[in-house]
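Values quoted throughout were computed directly from the atomic coordinates according to the rules given, and no laboratory measurement underlies them. Small disclaimer: the values here were computed from a predicted structure and weren't measured. Positions of Cβ are backbone-derived with ideal geometry, glycine not excepted, and every protein chain shown enters the neighbour counts.
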Amino acid sequence: MKKLTGAQIVIETLIAEGADVIFGYPGGAILPTYDALLDSKIKHVLVRHEQGATHMAEGFARVSGKPGVVLVTSGPGATNTITGIADAYMDSTPMVVITGQVSTSLIGNDAFQEADIVGITRPCTKHNYLIKDVRDVARIIKEAFYIAGSGRPGPVVVDLPKDVQTAEHSFKIPDKVELRGYKPTIRGNPRQIERAVEAIEHSSRPLFYVGGGVQWSGAAAELRELSRGLGIPVTETLMALGSMPASDALRLGMLGMHGSYGANTAVTNTDCLIAVGARFDDRVTGRIADFAPKAESIIHIDIDPSSISKNVKVDIPIVGDIKSVLVDILASVKGRESIAKKRAEWQKWHQQILQWKKDKPLYENSRDGRKDGLISPYQVIEELYGITKGDVIVATDVGQHQMWVAQMFGFENPRSWLTSGGLGTMGYGLPAGIGAKFAAPDKRVVVISGDGSIQMNIQELGTAVQYGVDIKVIILNNYFLGMVRQWQEKFYQERYSYSAMSVPNFVKLADAYGAHGFRVEHAKDLAKTMREAFAAPGPVLIDVVIPKDEVVMPMIPPGGAMSEMLFA
Amino acid sequence: MPSHTISVLVENEFGVLARVAGLFSGRGFNIESLTVAADPLDPSVSRIVLVAEGDDQVLEQINKQLNKVISVIKVTDFKGVDTIGREMVIVKVAVDERTRSELDSIVHAFRAHVIDIGPHSVSVELTGDTDKVAAFIALVRPLGIKEIVRSGKVAMARAVQLGADNHRHHHSKD
């Protein structure tokens, strides 16, 4: 058999695993692999900072459902990926990060650009590897893809010393992955499913609480069928938006800290909470003791057993893949008379929730615009929806703008919403949006950011320009770290400690990068400027100045109960 | 806070102990003792026996988190299981004419072994369950302990389970 170098084996295995796009940055310890990459059909996207590569891979993964692939060098190249790896770990995003490493003979010697990346990434990866022998390269890369993409998805790091890349071995990928310590449960236990269905049929006020797991499992269609079939309303976490179409009356929108009054009041009053691929995050539950206090049964469907009863004690756990479990539940409820008889009662419950929604709608006072003629975030999101008709992939950074979009944008489809939920990584949006465009070149991609967040990875505008990525970036600019300011206003007696920020001239900055820049300060110019900006080709920055006093509401103070919701 | 003994079968590979230990520190769980060695019959696996502190909910999370580690093959939690557990201690005890016979009688009573003798000290090895080891240390302490080293615990389930609350928690992955 013809022998290949370790580097060539890496590339061949990547191709065999279906990696057609990778995001990376070359450097000394990974040069053999970069050399082999040049002759391959894989498309490589050269980023400006390795953190950018990881978020691009996340955006790519979220839209395509396939693991995103990152290729970087040792030492600083590898350590720059940590934030993105931790982000992917928190949001269960499949990703394979291949890091160059100094030669095996130098490991542990404090060699140039050496870092113990396996040690550093151990707590923020699903698994990681240091390959010490060229004979293991194909097997380990194959395993890395399998682990990243199966079960509860997550990031896997493969550390690849330089001498392993140059050593030669015959190339053979194992037929299948054999990991005796890793066998995710796919089918839910039928007895548990039966118990869950019985709990639902005995309930008067059932409610679905769905999380990002629905999207990763590709179970939006089953969720919709079940929710509509039974007439049970759905509230979504930040990561789940788009699972249920915004236009469906059964969709209550987001719950939790910045959730709607309707959704949170429904959680407070439900007698049967059905958690689906969600993990009872503290931003969702608020004070645990007061979360879903009237629930006589809590059902939790999740592929990760460690998510079950971690924060909230669950009555009926179902470990399994969401899609598979929902299919089984659908089969079980079909034709059940006892369920059909419940419909009228559940309909009344749904009507009650809709009344709550109507009682305290989101941003009611913003609907007619601000009296001072300045731009409210509400108008920007309305305008964006008008231009795109909702048919768009939206990526955000972290902060006020993120919550406004989550609350107000009417997502109709899964896999069209990219945001950093668990880790809350500022600087995620622009690279994630670029990555999304590589996964879905025909889709419109918009990034909504803030003046603080955008400056954390603004350098990736260079990547967007180099590859002609048609991406529109809206900066909601209030010259402040807005969410920090909001907390300082509400909880720190308006003492704005180091949260005001000067910003560059974004129009000139865009121009300097070879992109288009626009700026708008008054509500009367908003529609025209946005339409012009969206009509411009290639990457565009739109600097939208908003007033500092705009806040995200409603809000449950951190650690508070849902009943302690603030409205202004 | 109650202590629990957990036996973890892991792949015998580079970094696996760091994965298990890191999980405990990262999640804020306490390890009281830990032993690890390759399985004598199958060197591809290692056995980690650890004693951890926590209530039932913490114990459940520890089990689940351990199972989540890819290199972990099987987790056996000995809660409610009749187990045989052993620890070992080596104590270097100061001795003189007066205390030598006292130490001898303690050694005899505990079925411990003298494994080293010097002009002013005797080193004694004892193997036993946690309580026995603790009692032994308490008795020799007044004689003057010059040096002491105690192992973590190794444990397995008894062949015959007599306990009433007899729910063996097997968290096998298959």
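When the label point is put 7 Å from the Cα of residue B:137 along its Cα-to-beta-carbon vector, which residues of segment B:46-87 have a backbone N closer than 18 Å?
Counting only backbone N, you get B:50-53, B:85-87.
May I ask you to derive the FRET efficiency for residue B:150 and residue A:290 from their Cβ-Cβ distance with R0 = 56 Å, giving the value to the nearest 0.05?
0.75
Once you sort the root eigenvalues of the Cα gyration tensor of the protein assembly as shown as a ≥ b ≥ c, which label holds: rounded (a/c under 1.5), prolate (a/b larger than b/c) or oblate (the other case)?
prolate
Give the lysines reachable from residue A:548 as a straight Cα distance under 30 Å; neighbours fewer than 8 places away on the same chain don't count.
Of all the lysines, those that pass the test against residue A:548 - Cα under 30 Å, at least 8 places apart if same chain - are A:357, A:358, A:360, A:371, A:389, A:472, A:490, A:508, A:524, A:528.
Counting just the Cα atoms, what span does segment A:190-359 cover along each of its three principal axes? Round to the nearest Å and put the largest first.
Sorted from largest, the Cα extents of segment A:190-359 read 37, 36, 28 Å.
Counting partner chain Cβ atoms within 10 Å of every residue's Cβ in B:23-30, what's the average?
So the per-residue partner count for this stretch is 1.
Working from Cα positions, state the angle (0 to 90°, nearest 10) between the long axis of helix B:130-140 and the longest principal axis of chain B.
Long axis of B:130-140 versus the principal axis of chain B: about 20 degrees.
If one takes the longest principal axis of the Cα atoms in chain B, at what angle in degrees, from 0 to 90 and to the nearest 10, does the Cα axis of helix B:56-68 lie?
Its long axis makes an angle of about 70 degrees.
Please give the length that would be gained between residue A:511 and residue A:315 if that part of the chain were fully extended, namely 0.36 nm times their separation in residues minus their C-alpha to C-alpha distance (nm, one decimal).
64.8 nm
Count, for each residue of B:63-71, the Cβ atoms from other chains sitting within 10 Å of its Cβ, then give me the mean as a whole number.
Counting Cβ atoms of other protein chains within 10 Å of each residue's Cβ and averaging gives 6.
Can you say what percent of the DSSP beta bridges in segment A:468-552, counting only those with both residues inside, are antiparallel? Round to 5.
10 percent
Treating cross-link reach as a plain straight distance, find the aspartates and glutamates whose alpha-carbon is under 15 Å from the alpha-carbon of residue A:66, omitting any fewer than eight places away in the same chain.
A:17, A:20, A:58, A:91, A:143
Roughly how many Å is it from the Cα centre of segment A:506-550 to that of segment B:1-31, as a whole number?
Taking the Cα centre of each part, segment A:506-550 and segment B:1-31 sit 52 Å apart.
So, in nm, how far is label residue B:101 from label residue A:113 when the simple model puts each one 7 Å beyond its Cα toward the Cβ?
7.6 nm
At R0 = 41 Å, how high is the FRET efficiency between residue A:492 and residue A:354 if r is their beta carbon distance? Nearest 0.05 is fine.
Working from the Cβ atoms, E equals 0.65.
Order A:536-547, A:113-124 from most to least packed using the mean count of other Cβ atoms within 10 Å.
Descending packing order for the listed peptides: A:536-547, A:113-124.
Using Cα positions and a limit of under 16 Å, work out the lysines in reach of residue A:313, with same-chain residues fewer than 8 apart set aside.
Those lysines meeting the cut-off are A:294, B:64.
Given a Förster distance of 25 angstrom, what is the FRET efficiency for residue A:500 paired with residue A:522, based on the Cβ-Cβ distance and rounded to 0.05?
0.70
Testing the spin-label approximation: label points 7 Å from Cα along Cα→Cβ at residue B:158 and residue A:191. State their distance in nm.
2.8 nm
Once you list every other residue whose beta carbon is under 10 Å from the beta carbon of residue A:320, what net charge do they have if Lys and Arg are +1 and Asp and Glu are -1?
-1
Just to confirm my numbers, what's the Cα centroid distance between segment A:109-173 and segment A:319-351 in Å?
44 Å
Restricting to the protein assembly as shown, what percent of DSSP beta bridges are antiparallel, rounded to 5?
Approximately 45 percent, going by the DSSP bridge assignments.
How many angstrom lie between the C-alpha centres of segment A:287-308 and segment A:57-106?
32 Å
Once label points are set 7 Å from the Cα along Cα→Cβ at both residue B:114 and residue A:343, what is their separation, rounded to one decimal in nm?
9.0 nm
Cα gyration tensor of segment A:364-545, axes a ≥ b ≥ c as square roots of the eigenvalues: rounded (a/c below 1.5), prolate (a/b > b/c) or oblate?
Because its axes are fairly even, with a/c under 1.5, segment A:364-545 counts as rounded.
Per residue of A:306-314, what is the mean number of Cβ atoms on other protein chains within 10 angstrom of that residue's Cβ?
Neighbouring Cβ atoms belonging to other protein chains average 3 per residue here.
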